[in-house]
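K.L.:
Quick one: structure below, then a few questions.
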Amino acid sequence: MTTTIIMTMTIIMTMTIITIIPIITNMTIITNMTIINAIAIITITMSITGNIMTAATITAKSTTMTNAMMTTIMTTTMTTTMITIIIMATTTIMTTIMIMTTIINTMTTIVRTAINTTNAMTTTISTMTTTVTMIMTVTIMTTTVTMIMTVIIMTTTVTMTMITAMMITISIMTTTMTTTMTTTMTTTMTTTMTTTMTTTIVTTMKTMIIVTLMAVTGLTVADNLPEVPPRTLGSCVGIRPEHCSFDCFRCIAPDDVFTCPLLSQTFDDGPGPATPKLLDHLPGKTTFFTQGINVVRFPDIFRLQNDQGHLLASHTWSHAHLAELSNEEVVAQIQWSIWAMNATAGIIPKFFRPPYGAGDNRIRAISRQFGLISVFWDRDTFDWMVSEGGKTAEDVYDDVRQWKWEQPQGLILEHDSTIDGVNVGIRVAEILDTDRQMTVADCINSQWYQDLPQWLVPE
Ligand SMILES: [Zn+2]
């Protein structure tokens, strides 16, 4: 507002001066000069005003980000304009004062000359010629300065307009880039969220299935099962020491059983038709890890084992390689095995040996839910190779004699599912030459079986 008032006052003063001077002096040269000045000032003022209005319109349409820049440009333009006008006005005033002073001095000289000298016409003409020359010089200088100022202002205006155009271009580019980036980010976020939601839903559904199974089978804790990558038989790809795999790392958990104070036999995979022969020859109590499917096929043999006081334990329902099964499938393998043993002989096993020794922290976590203790071994006879021709029975006996001589402790792995396995087992029992073998439960001084639920115990 103050700037506008100063500009207006300056313009009015300038116009007044350059209008009055020709009337007072009545000199054609000065009139021409002032008209040129006036036209230049009006033209420049109109040009700058137009540019400022254009800049203001563009600013109003541009984004918030460029507003500050546009305001700066407008302020700079207006300040430049004001300074230019003040300079031009000052120049014009000074020029006018100089011209008027010269005119007055000249007139005084002419009057004095006319009074004092009657024949001084030559001098007067000479003086007047000098005066006119001075006036013309001043006029040319003023006009030149005005022209230079005009060029500077026009150049400034053009530069400001170009800067404004660049700002608008940058603004448009920024808006476009922002839109593109927002679209990309939204797409990425949507994809990530979809994937996460799918994973969550699948995990939740799996958890619900396990919870349901646990509830059906009487288990109380369903979650927090360790995650171990599934693997095929004989492969340890992706298995790390912290998974505590017995077959991959010979890893033993604190609650596992894998050895015994006395060198003791254990028999897996039965019961089978050859099992009764073994029962007839064993000197004492031993441990059988049975498959549920064989318990159901040979219930009388299973009951005979139980009646003779051997420890019966679980070896899954159908000898599954648990490490490649889902949690639900592992639960099913264990649960069906327990069901078969309970339905056939009224016992609930406390000991469990994963087939192939494929036990890890995930399998342990599930079997613990069933109240089972995982059992492995530290002496392997490889007796199953006798049937397949990879090893002779004598090789097995040599191994057993070596173990007995080295250190008469440990759990021996054998099988009663074939007649060859049974025959080897009988001979091994003879080599050990003792009836002081222990069952797995006795090795750790434990209960043999889990207690029946209170409501199942007879009055
Ligand atoms: Zn087995």
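K.L.:
Do we find that R353 is within 52 Å of the chain's Cα centre (by Cα) and crowded, with 22+ Cβ neighbours inside 10 Å in this structure? Give the derivation first.
P.N.:
Values: within 52 Å of the chain's Cα centre (by Cα): yes; crowded, with 22+ Cβ neighbours inside 10 Å: yes.
Yes: the conditions hold for R353.
K.L.:
On to the next question. Taking region 311-361 only, how many residues are on the phi > 0 side of the Ramachandran plot and away from the ligand (no atom under 16 Å from the Cβ)? Reasoning before the result, please.
P.N.:
Taking region 311-361 first, the residues on the phi > 0 side of the Ramachandran plot are 316, 319, 346, 356-357.
Then keep just the ones that are away from the ligand (no atom under 16 Å from the Cβ); that gives 346.
Total satisfying the criteria: 1.
K.L.:
Which ones in region 258-282 are within 16 Å of the ligand (Cβ to nearest atom) and within 53 Å of the chain's Cα centre (by Cα)? Break it down stepwise before answering.
P.N.:
Kept after step one, since they are within 16 Å of the ligand (Cβ to nearest atom), are these residues of region 258-282: 258, 265-272, 274-275, 278.
Those that are within 16 Å of the ligand (Cβ to nearest atom) and within 53 Å of the chain's Cα centre (by Cα): F258, T266, F267, D268, D269, G270.
K.L.:
Still on this model: So which residues in region 241-256 are surrounded by 13 or more Cβ atoms within 10 Å (Cβ to Cβ) and either more than 16 Å from the ligand (Cβ to nearest atom) or over 16 Å from L372 (Cβ atoms) (or both), if there are any at all?
P.N.:
Residues of region 241-256 that are surrounded by 13 or more Cβ atoms within 10 Å (Cβ to Cβ), as a first pass: 243-249, 251-253, 256.
H243, C244, S245, D247, C248, F249, C251, I252, A253, D256 - these are the residues of region 241-256 that are surrounded by 13 or more Cβ atoms within 10 Å (Cβ to Cβ) and either more than 16 Å from the ligand (Cβ to nearest atom) or over 16 Å from L372 (Cβ atoms) (or both).
K.L.:
Still on this structure, I have one more. Mind listing whichever residues of region 400-433 are of a type in the set (A, V, I, L, M), touching a Lys or Arg at 6+ places or on another chain (Cβ under 8 Å) and in contact (Cβ under 8 Å) with a residue 60 or more places away in the chain?
P.N.:
Across region 400-433, the qualifying residues are L411, I412, L413, I419, V422, I426, L432.
K.L.:
May I ask you to list the residues in region 392-418 that are within 16 Å of the ligand (Cβ to nearest atom) and not small (G, A, S)? Let's see the steps before the verdict.
P.N.:
Here is the first cut: in region 392-418, the ones within 16 Å of the ligand (Cβ to nearest atom) are 411-418.
Matches in region 392-418: L411, I412, L413, E414, H415, D416, T418.
K.L.:
Could you tell me which of the residues D280, D223, D255, D269 is modelled with pLDDT of 95 or more, more than 25 Å from V296 (Cα to Cα) and among the acidic types (D, E)?
P.N.:
Numbers: D280 fails: more than 25 Å from V296 (Cα to Cα); D223 fails: modelled with pLDDT of 95 or more; D269 fails: more than 25 Å from V296 (Cα to Cα).
Answer to the check: D255.
K.L.:
Could you check region 285-314 and list, in sequence order, the residues that are over 19 Å from F352 (Cα atoms) and either of a type in the set (A, V, I, L, M, F, W, C) or crowded, with 16+ Cβ neighbours inside 10 Å (or both)?
P.N.:
F298, I301, L304
K.L.:
Kindly indicate whether any position in region 376-386 is away from the ligand (no atom under 14 Å from the Cβ) and among the β-branched types (V, I, T).
P.N.:
yes
K.L.:
Out of (1) closer than 17 Å to F267 by Cα; (2) within 16 Å of the ligand (Cβ to nearest atom), what's the single condition that is false for T439?
P.N.:
T439 satisfies all of (1) closer than 17 Å to F267 by Cα; (2) within 16 Å of the ligand (Cβ to nearest atom) except (2).
The values are calculated or read from the model by the stated rules, or taken from the named source; none is laboratory data. Predicted, not measured: the structure shown is a model, and the values here were computed from it. Heads up, the Cβs are rebuilt from the backbone with ideal geometry, glycines too, and the neighbour counts pull from every protein chain shown.
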